[in-house]
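Trainee: First the structure, then my questions, so here it is.
The values are calculated or read from the model by the stated rules, or taken from the named source; none is laboratory data. Since this is a predicted model, take the numbers as computed values, not measurements. As a convention, Cβ positions derive from the backbone with ideal geometry for all residues, glycine included, and neighbour counts pool all protein chains shown.
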Amino acid sequence: MSAALGLYRLQQVDSRIDQIQARLRTIQQTLENDLALRSALERYEAAETRYGNAERLLKLSETEVEKQRIKIEQTEASLYGGRVQNPKELQDLQKDTASLKRHLETLEERELEAMLSVENLEKELQAAKTDLERVQSNLKEQNRDLAQESETLRKEFERLNSEHQAVVTDIAAQALHTYEALRKQKRGIAVTTVADSSCEACGTTITPSQQQSARSTSQLFYCPTCGRILYAS
């Protein structure tokens, strides 16, 4: 077997390994950094925060209204209880009662606004929750498919690694060193073929004598343009 043929077989194995590793990285990134899930989760958490704040504001408004009603009851009890006889004091109590009732109206309006806000934000929270559950369900299905694909690729990766080791044992150390150096320089493609009298990698025309050199079993022949090892069958 010629050195070029051995390196060409090694190139085929390594190229597929590169493809598998790239795909596995993509799958891993997809599983860890799904943008749709992150966006849906952020919307839900924001809606949950707004709803929680609105609930606290409503409870505060309810407490203030209740306190104001108690004040009014206490003032009216003093006004109509018969214990206060002084006209001036009675007049002051009437004014206080009127003032307290006016403020109660303001507090009740705030309470109503807080109730409406809670109702609207509860609907918003429920919508965000529904959307999050939908995204999670879709992602679960997608992840199942990706997990199956990942498992298949890992099995193929293991098989190819074994094949890589088997092919390497038949290649001379110097040729292997040259191959590895070219792989780093040429974006992973160190060996290419002659197709239609041209270098398949860069398209340079390869003359008949050059093709014969590419078929040599004793030495490697390089594309005169891109510098990759040429293999001609």
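Trainee: Please enumerate the residues belonging to segment 22-54 that are farther than 18 Å from Leu121 by Cβ, polar (S, T, N, Q) and exposed (fewer than 14 other Cβ atoms within 10 Å of the Cβ).
Mentor: Those that are farther than 18 Å from Leu121 by Cβ, polar (S, T, N, Q) and exposed (fewer than 14 other Cβ atoms within 10 Å of the Cβ): Thr26, Gln28, Gln29, Asn33, Ser39.
Trainee: How many residues are surrounded by 12 or more Cβ atoms within 10 Å (Cβ to Cβ) and out of contact with any helix residue (DSSP H, G or I) (no Cβ under 6 Å at 6 or more places or on another chain) when one looks only at segment 131-142?
Mentor: So the first thing to find is which residues in segment 131-142 are surrounded by 12 or more Cβ atoms within 10 Å (Cβ to Cβ), and the list is 131-136, 138-139, 142.
From the residues that got through so far, the ones that are out of contact with any helix residue (DSSP H, G or I) (no Cβ under 6 Å at 6 or more places or on another chain) too are 133-134, 136, 138, 142.
Of the residues in that region, 5 qualify.
Trainee: Do the conditions hold for Gln126, that is, is it out of contact with any Phe, Trp or Tyr (no Cβ under 6 Å at 6 or more places or on another chain) and not assigned by TED's automatic domain parsing to the domain that holds Tyr222?
Mentor: Yes.
Trainee: Taking Ala114 as the residue in question, decide whether it is under 50 Å from the mean Cα position of the chain (by Cα) and in a helix (DSSP H, G or I).
Mentor: Yes; evaluated as a whole, the condition is true for this residue.
Trainee: Checking Asp196 against (1) farther than 29 Å from Thr26 by Cβ; (2) charged (D, E, K, R); (3) touching a residue at least 12 places away in the same chain (Cβ under 8 Å), only one condition comes out false. Which one?
Mentor: Exception for Asp196: condition (3).
Trainee: So in segment 175-193, with the set limited to residues that are in contact (Cβ under 8 Å) with a residue 24 or more places away in the chain and among the charged types (D, E, K, R), which one is farthest from Gln12 (Cα to Cα)?
Mentor: Filtering first and then ranking leaves Lys186.
Trainee: For Glu119, are the conditions met, namely being at pLDDT 95 or above, outside the structural domain of Phe221 (by TED's automatic domain parsing), surrounded by fewer than 17 Cβ atoms within 10 Å (Cβ to Cβ) and acidic (Asp, Glu)?
Mentor: When the stated conditions are applied, Glu119 passes them.
Trainee: While we're here: If you take the residues in segment 167-212 that are among the small types (Gly, Ala, Ser), modelled with pLDDT under 95 and in a helix (DSSP H, G or I), which one is farthest from Leu7 (Cα to Cα)?
Mentor: For segment 167-212, the residue satisfying everything is Ser209.
Trainee: Follow-up question, since we're still on this one. Give the residues of segment 204-224 that are within 47 Å of the chain's Cα centre (by Cα) and surrounded by 13 or more Cβ atoms within 10 Å (Cβ to Cβ), sorted by residue number.
Mentor: Thr204, Leu220, Phe221, Tyr222, Cys223, Pro224
Trainee: I need a count of the residues in segment 160-173 that are closer than 18 Å to Leu24 by Cβ and either in contact with a helix residue (DSSP H, G or I) (Cβ under 8 Å, 6 or more places away or on another chain) or surrounded by 12 or more Cβ atoms within 10 Å (Cβ to Cβ) (or both).
Mentor: Qualifying residue count, segment 160-173: 4.
Trainee: Looking only at segment 73-96, count how many residues are surrounded by 16 or more Cβ atoms within 10 Å (Cβ to Cβ) and under 30 Å from Ser117 (Cβ atoms).
Mentor: 0
Trainee: Identify, from the list Leu104, Leu58, Leu132, Leu153, the residue that is in contact with a Ser or Thr (Cβ under 9 Å, 6 or more places away or on another chain), at pLDDT 90 or above and in a helix (DSSP H, G or I).
Mentor: Details: Leu104 fails: in contact with a Ser or Thr (Cβ under 9 Å, 6 or more places away or on another chain); Leu132 fails: in contact with a Ser or Thr (Cβ under 9 Å, 6 or more places away or on another chain); Leu153 fails: in contact with a Ser or Thr (Cβ under 9 Å, 6 or more places away or on another chain).
The unique qualifying residue is Leu58.
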